[in-house]
Amino acid sequence: MSGRRVLMLSLPATLFLLAAFVYPFLYGVFLSVTPRTGGPLGNYQAFFGDEFQRASIGNTFALALPAAILCVALAVPLAYAMRHGLRGGRVLTALLVVPVTLGPVFIADAMLFYFGPVGWFNRALEALHLAAAPIRVLHTYGAVLLAIMLTAFPFAFLLMLGYVSGIDPALERAAHTLGAGRWQTFRRVLLPLMAPGIATSFALTFVLAFGVFPSAVLLGEPGGSTRVLSIAAFQAAYEKFDFSAGSAIALVMGALQLAVIGLVFALRARLYAGPARGGKG
Amino acid sequence: MTGAPPQGAAQPAGPQGPAGARPGALELRGITKRYAGVTALDAFDLTVQPGEFITFLGPSGCGKTTALNCVSGLVGLTAGEIRLDDRRIDGVPPERRGFGMVFQNYALFPHLTAWQNVAFGLEVRRVSRDDARRRTEAALALVQLEQHAQKHPGQLSGGQQQRVAIARALVVEPRLLLMDEPLSNLDTKLRGELRTEIKRLHQRLGLTTIYVTHDQAEALSLSDRLVVMRNGRVEQIGTPAEVHAAPATAFVADFMGYRNLVPVDVVGVDGDVTEVRASGLTLRGTAVGALRAGAPAVAAVRPQDIVCRREGTGALRGRVDVVEFGGDTLAADIVLDGGQRFYAVTPGPLAPGDVVALEIPPARLLVYPVESASRP
């Protein structure tokens, strides 16, 4: 194909990228460095100088890191079990993947009813005499973590399932005949071959969790432990109508995500990333 | 476990020393494997002497790989028992059997170097560092891959990968070496070279070896004894010479290169010699199994055993249809006057259209009762 044709073919995508990403991003950068008062870095100084604002960084990491780690930690053994033919595995896969089709607001809404003071959860506990008074699940850090995991887990799981099923079953058999038990086979053969998938899975779920907004507001403590960066940016932009400050917070958020993803992929590059097959055929 | 004499074994005990004198005596007693109602392996009996090279030979689906996997422990038995050096092992998981196994697709760990692949079995056994290094080095030297030790499988050729796999299986000093069609993924030239190398390793190390293949040339060249299998059952057990010269059934004959299989009617039987008739021609052959006059049978002869003359007078006159060049010989498809076709190998010269006379030595025309050919 001639260079000219390639250029023409890539034009729609380029235009879309320019219009939908590059321009808004650059506009955001411009907004963030033109604060109402102070110098170009005024917004950043204000954000990092305010302890309450700064805390939103820690709050976001406190949700996103455990969510991503837990999702991957659950997805790996489940994908491994599926590989060995789990009874009812297809039904389980379908059930676990359903939340993908539901938006975060829908999930938050369902959780509000289910875990509410008169929801099924507390009514069941009372009926079984396991709790004297309704247990407070909602409007806590835990509720937000759970909501994030419900949304992000299917992605982690499907990704891991793809990676695991790409591993040649003969490799496990070879490891067994060489004297490796199930655990050693998992640790020495399967885990290293799954590692690139684990890194990708982690990065994906981390990004999903890092941008959490609706469930942090609806299910968490948006003024306290779950006041994440996106809430801080929203409040600046739409409660104080300071778009410049909001843009600055959004850019801080983006930079932090990029740093984590960069770190993960730098580690991933040091891992084996070739085919997970034992030879020809 | 006492040294009870084998029961129901298909093989005589042979020149075997007292049990435990030399390791690697394997005994399979009635091993059976069924999958969801399908019998993949049916009451398989075999006694393997220490140091013996045994081949399971047969077409795909005959149960040879299932039998091997039963021995390795990768597949559990439905019935029967497996004994190694007079100790029952069929309940032992594969990782504790201490066997070496080589797979058709090599099954090398792609994230590890050749060296690390070979050292794998030693590491999981917690062999000391120095010992592991020495043994890994020796195993790689055995397959002449010292200079490729630091390469990953993806950087090695198919033949080199399979040699790494062989070194990986040998380094653990297995009591039994199992090979599942190890040469099937290689091209013809490499296959021949590696076959010789496997034979050399066996002569040098004297490991009891079970080898699975569908290639009769491989089976004949490597084995001390071979087991021809069909539909989960044993058709014949014997030395390569026995199976090659005297196939027990028409199926084995077919597999052993008796390419001419002719449906015939038995005319008369006189001891071993039998006279048969097919589409207007009468042949004299050797009966294998019980034959009676008037019964249908199958006559089998190898292309190399047919004598083909250009100028000749004989009962079997025909015309050459196709000639294939085979290096030192020619192979010809010949149509007899009665319409029967024979495939013959001859020194030549021969051309399509030539009129020839065929002679089939009665000793080399084997006649089988038809039951053995059509048994399900």
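The values are calculated or read from the model by the stated rules, or taken from the named source; none is laboratory data. All values derive from a computational prediction rather than experimental measurement. Neighbour counts run over all protein chains shown; Cβ positions are idealised from the backbone, glycine included. Protein only, heavy atoms only, side chains kept; ligands, DNA and RNA dropped before computing areas. Shrake-Rupley method; radii C 1.70, N 1.55, O 1.52, S 1.80 Å.
Do we find that B:Thr55 is open to solvent by less than 40 Å² (accessible area, probe 1.4 Å), of a type in the set (Ser, Thr, Tyr), more than 15 Å from the chain's Cα centre (by Cα) and within 21 Å of B:Ser221 (Cα to Cα) in this structure? Working first, answer last.
Details: open to solvent by less than 40 Å² (accessible area, probe 1.4 Å): yes; of a type in the set (Ser, Thr, Tyr): yes; more than 15 Å from the chain's Cα centre (by Cα): no; within 21 Å of B:Ser221 (Cα to Cα): yes.
Considered against the rule, which asks whether it is open to solvent by less than 40 Å² (accessible area, probe 1.4 Å), of a type in the set (Ser, Thr, Tyr), more than 15 Å from the chain's Cα centre (by Cα) and within 21 Å of B:Ser221 (Cα to Cα), B:Thr55 comes out as no.
How about the range B:164-185: which of its residues are among the charged types (D, E, K, R) and touching a Gly at 6+ places or on another chain (Cβ under 9 Å)?
Taking the range B:164-185 as the starting set, the residues that turn out to be among the charged types (D, E, K, R) are B:168, B:173, B:175, B:180-181.
Across the range B:164-185, the qualifying residues are B:Arg168, B:Glu173, B:Arg175.
Residue under question is A:Arg268, and the condition is that it be within 14 Å of chain B (Cβ to nearest Cβ) and within 18 Å of the chain's Cα centre (by Cα); does it hold? Break it down into steps so the answer makes sense when it comes.
Working: within 14 Å of chain B (Cβ to nearest Cβ): yes; within 18 Å of the chain's Cα centre (by Cα): yes.
Yes: the conditions hold for A:Arg268.
Within the range B:47-58, track down each residue that is in a strand (DSSP E or B) and over 21 Å from B:Met256 (Cα atoms). So that I can check it myself, show each step before the final result.
In the first step, residues of the range B:47-58 are kept if they are in a strand (DSSP E or B); the result is B:47-48, B:53-57.
B:Thr47, B:Val48 - these are the residues of the range B:47-58 that are in a strand (DSSP E or B) and over 21 Å from B:Met256 (Cα atoms).
The residues of the range A:169-195 that are under 17 Å from A:Tyr272 (Cα atoms), surrounded by fewer than 23 Cβ atoms within 10 Å (Cβ to Cβ) and either basic (Lys, Arg) or within 7 Å of another protein chain (Cβ to nearest Cβ) (or both), listed by number, are A:Arg187, A:Arg188, A:Pro192. B:Asn117 falls short on exactly one of the conditions (1) open to solvent by 40 Å² or more (accessible area, probe 1.4 Å); (2) in contact with a Phe, Trp or Tyr (Cβ under 8 Å, 6 or more places away or on another chain); (3) more than 22 Å from B:Ser223 (Cβ to Cβ), and that condition is (1). For B:Val252, the requirement of being out of contact with any Gly (no Cβ under 7 Å at 6 or more places or on another chain) and part of a helix (DSSP H, G or I) is met. A:Asn122 fulfils the conditions (1) at pLDDT below 85; (2) over 30 Å from A:Gly246 (Cβ atoms); (3) among the polar types (S, T, N, Q) except for a single criterion, (1).
It is to be established whether one or more residues within the range B:133-145 are surrounded by fewer than 24 Cβ atoms within 10 Å (Cβ to Cβ), hydroxyl-bearing (Ser, Thr, Tyr) and more than 11 Å from chain A (Cβ to nearest Cβ). No, every residue in the range B:133-145 fails to be surrounded by fewer than 24 Cβ atoms within 10 Å (Cβ to Cβ), hydroxyl-bearing (Ser, Thr, Tyr) and more than 11 Å from chain A (Cβ to nearest Cβ).
Out of the residues in the range B:89-111 meeting the condition of being open to solvent by less than 30 Å² (accessible area, probe 1.4 Å), in a loop (DSSP other than H, G, I, E, B) and hydrophobic (A, V, I, L, M, F, W, C), tell me which one is nearest to B:Ala169 (Cα to Cα).
So the residue we want is B:Phe99.
Per-residue answers, yes or no, for (1) part of a helix (DSSP H, G or I); (2) out of contact with any Phe, Trp or Tyr (no Cβ under 6 Å at 6 or more places or on another chain); (3) crowded, with 16+ Cβ neighbours inside 10 Å:
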site	(1), (2), (3)
A:Ser56	yes, yes, yes
A:Leu86	no, yes, no
A:Arg90	yes, yes, no
A:Thr93	yes, yes, yes
A:Ile107	yes, yes, yes
